[in-house]
1. Pick out the one residue from Asn114, Asn51, Asn42, Asn71 that is within 16 Å of the chain's Cα centre (by Cα), of a type outside the set (D, E, K, R) and surrounded by fewer than 19 Cβ atoms within 10 Å (Cβ to Cβ).
2. Looking at (1) in contact (Cβ under 8 Å) with a residue 24 or more places away in the chain; (2) touching a Gly at 6+ places or on another chain (Cβ under 6 Å), which one does Glu18 not meet, given that it meets all the others?
3. Hey, any hits in region 80-87 for a residue that's of a type outside the set (Lys, Arg), within 30 Å of Ser205 (Cβ to Cβ) and more than 16 Å from the chain's Cα centre (by Cα)?
4. Give the residues of region 106-137 that are outside any loop (DSSP other than H, G, I, E, B) and acidic (Asp, Glu), sorted by residue number.
5. May I ask you to verify whether Asn177 is at pLDDT 95 or above, out of contact with any His (no Cβ under 9 Å at 6 or more places or on another chain), closer than 24 Å to Leu15 by Cβ and in a loop (DSSP other than H, G, I, E, B)?
6. From the list Val48, Val34, which one is in contact with a helix residue (DSSP H, G or I) (Cβ under 9 Å, 6 or more places away or on another chain) and among the aliphatic types (A, V, I, L, M)?
7. Could you check region 198-213 and list, in sequence order, the residues that are hydroxyl-bearing (Ser, Thr, Tyr) and either in a loop (DSSP other than H, G, I, E, B) or surrounded by fewer than 20 Cβ atoms within 10 Å (Cβ to Cβ) (or both)?
8. Residue check: is Lys145 of a type outside the set (Ser, Thr, Tyr), part of a loop (DSSP other than H, G, I, E, B) and touching a Gly at 6+ places or on another chain (Cβ under 8 Å)?
Amino acid sequence: MLVAPSILSADFGILNDEIKAICDGGCDLIHVDVMDGHFVPNMTIGPVVVNSVGAIATKPLDIHLMVEDNNFFIDLFSHLKPKYISFHIESERHPHRVIQKLRALDIKPAIVLNPHSTPESIEYLLEDLDMVLLMSVNPGFGGQKFITSVVEKAQKLKSLIDKRNPNCLIQVDGGVNDKNILELKDAGVDVVVAGSYVYGASDYSKAIKSLQI
């Protein structure tokens, strides 16, 4: 299991130290939540902060866009060469065009499904994706309770992926901890985003390793 701590739960007063701590602690990716206050009822970080994260990080960036204008934000962050940029299927009229744009920028494209969205809604995009992110909380805020139905959704998605594109990864974001990690792994999940679980721990390295099963 790959672990991508979400910096949304970090202490932004000492963000440099927080980024270094999760990198030194053995994380696989750094998850960056970008919210515009329109697609979700919250605003987070813009290019100035993300540029700083990219300059400090020794692990690849995993940028999660929770925005209405995906192309605008892709243009803001593409120079950082993140490993992944994920965007919500619910926010995009022309998802395949966005996927092609990310490929042309040498960024791995990923699509996000909100809790109510079905895996079948993106079946015919799977061949063009490197990852699908399943939200296991409602997007917009950290620290929410895990929505258990995502386990069944991951199983269904895994079945579609095995048929369409076995190389596509499944990521889950929201309420992930050491109590549900084994269930997620058994459901076929490859990557987990963990914010409050990692940054709320006294030992970041120990928390990260507890999820890398």
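The values are calculated or read from the model by the stated rules, or taken from the named source; none is laboratory data. In this text the structure is predicted, and so the values were computed from the model without any measurement. FYI the Cβ positions are ideal-geometry reconstructions off the backbone, even for glycines, and counts take in every protein chain you see.
1. Asn114
2. So Glu18 meets the others, but not (2).
3. Looking for residues that are of a type outside the set (Lys, Arg), within 30 Å of Ser205 (Cβ to Cβ) and more than 16 Å from the chain's Cα centre (by Cα), one finds at least one in region 80-87, hence yes.
4. Within region 106-137, the subset outside any loop (DSSP other than H, G, I, E, B) is 108-113, 119-128, 131-135.
Passing the criteria: Glu120, Glu123, Glu127, Asp128.
5. In short, yes.
6. Within the list Val48, Val34, the selection yields Val34.
7. Passing the criteria: Ser202, Ser205, Ser210.
8. Answer is yes for this residue.
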